1. HN-Hα J couplings of segment 265-273 from phi, Karplus 6.51/-1.76/1.60, θ = phi - 60°, integer Hz, Gly and Pro as x?
2. Mind listing the long-range amide H neighbours of Asn382? Cut-off is under 5 Å, sequence gap 5 or more, other chains count too, H placed in the peptide plane at 1.01 Å from N.
3. Work out, step by step, the length gained on full extension between Arg179 and Lys358: first 0.36 nm times the residue separation, then minus their alpha carbon distance; give nm to one decimal.
4. As a footprinting exposure proxy, order Leu324, Leu235 by other Cβ within 10 Å, with the fewest listed first.
5. Return the Rg/Rh ratio of segment 1-135 with Cα-based radii and a Kirkwood Rh.
6. Can you tell which of Arg336, Arg224, Arg241 shows the greatest fluctuation in a Gaussian network model of the chain with Cα springs below 10 Å?
7. P(r) for segment 241-386, please, calculated from all Cα pair distances in 10 Å bins and given in %.
8. I want to verify a result. In a Gaussian network model of the chain, Cα cutoff 10 Å, which of these has the top mean-square fluctuation: Ile140, Ile104, Ile192?
Amino acid sequence: MNPLKSIATNMAIPFFIFLFFAIATYTQDRLPNFLFTIIPYLFYALSTAILWVSWHFNRNKFIFVLIPLVLIYIGFEYLSPSKAIHLFLYASLLYPMHLLIFLIFKERGLFSVWGLLKVVFTAAIIALVLYLVYYPNAAIESFLKLKIFAISPYPLKDISVVIGILALFIATAMVMFNRLLIYNGTFLFILISFYCGLYFIKTPNALDMAFLSIDVMIFILLIRETYRLAFYDELTSMPGRRALVEDMAKLGRKYALAMIDIDHFKKFNDTYGHDTGDEVLKMVAAKLLDVSGGGKAYRYGGEEFTILFSSKDAAESFVYVDVLRETIATTGFMVRNRKKEKKIFINISAGLVQNSPKDKDPFAVMKRADNALYKAKEAGRNKVIKA
């Protein structure tokens, strides 16, 4: 299960976006009317920006999620009332499932096999909805309007509510257990906003505000995802070297820095394979991310990691690094070798230093920490050397 702090942190932004638009809709009588007249233009402008940025940065998931949403919005705005009613029914059924599919599947290149399959799938869904909107099928609609609940969820149909509950349950489960919280939390509130927009469709501007809120959520998610790709390591979910360089530029007068390396990692990779090696990296990273004492861990590259202790000296920081070394050394790791499983133990070595007036910049401190790390290796490994 994901830590509650991580869940709350990643869901805070989409929650406040949802709350802002909900309050604005509820209190719209107190707001200037011109704000609501420009909402459609804002929606189209922001959608265009999202599609362009998503294409430019190869974030195709957002394209597949947004295009059907824009088409639904256009349909509600320009279709005749009878056709808009049919669109309402099929959108309430299919779009939540469409969202979940693109939440669950990983990002692929648009021109890969998987990318082309997604294009075909999305086009097929859009074509099916258009066909049913323009050529309604009485038998299908009679089945979809089947009563399930004693209380009417009008204007939503009972089956739409069932699918909505299922979609919200799956999205909530992914928030709780899937590590891609940055996506899962946002998609959960996209679902909530979508259903709120449909349920309150007869409230003036409610649908417009709901769809614009979804646009804003996707745009913020796109920005956060771009930041994550630039500053976080994909394998371990740790801040990467670029994040380390940024944070080193903000250090104060006193700090400590530890360079850490997994012992005999190349030999381990050669013996058990790179896939198992990746699992070891993730295990070690998870332990390092739990560092106490105000430390912050980074993946420096390969099997090397860095921990920064702001406003701490080397003596204070040594205790926290040595606790991490001991924790990792006593944590068993199951590996399969020649169809047999066995438990092995991973060790790390670390070099720890404190900045001094002689250091020209934090990179000089890092160089001294690296030298201390080599001394830990020479001293027999599984040690922390404080220089």
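Every number here is computed from the coordinates shown, using simple stated rules; none is lab data. As the structure is a prediction and not an experimental result, all values here were calculated from the model. Ideal geometry is used to build each Cβ from the backbone, glycine not excepted, and the neighbour counts take in all protein chains shown.
1. 5, 4, 5, 4, 4, 5, 7, 10, x
2. Ile348, Ser349
3. On the way: separation 179, 0.36 × 179 = 64.44 nm, distance 4.24 nm.
Gain in length upon complete extension: 60.2 nm.
4. Numbers: Leu324 24, Leu235 12.
Ascending number of Cβ neighbours within 10 Å: Leu235, Leu324.
5. Working: Rg = 17.5 Å, Rh = 17.4 Å.
Ratio value, two decimals: 1.01.
6. Comparing Arg336, Arg224, Arg241 in the GNM, the peak value goes to Arg336.
7. Once binned at 10 Å, the Cα pair distances of segment 241-386 give 12, 43, 31, 12, 3, 0.
8. Largest GNM mean-square fluctuation: Ile140.
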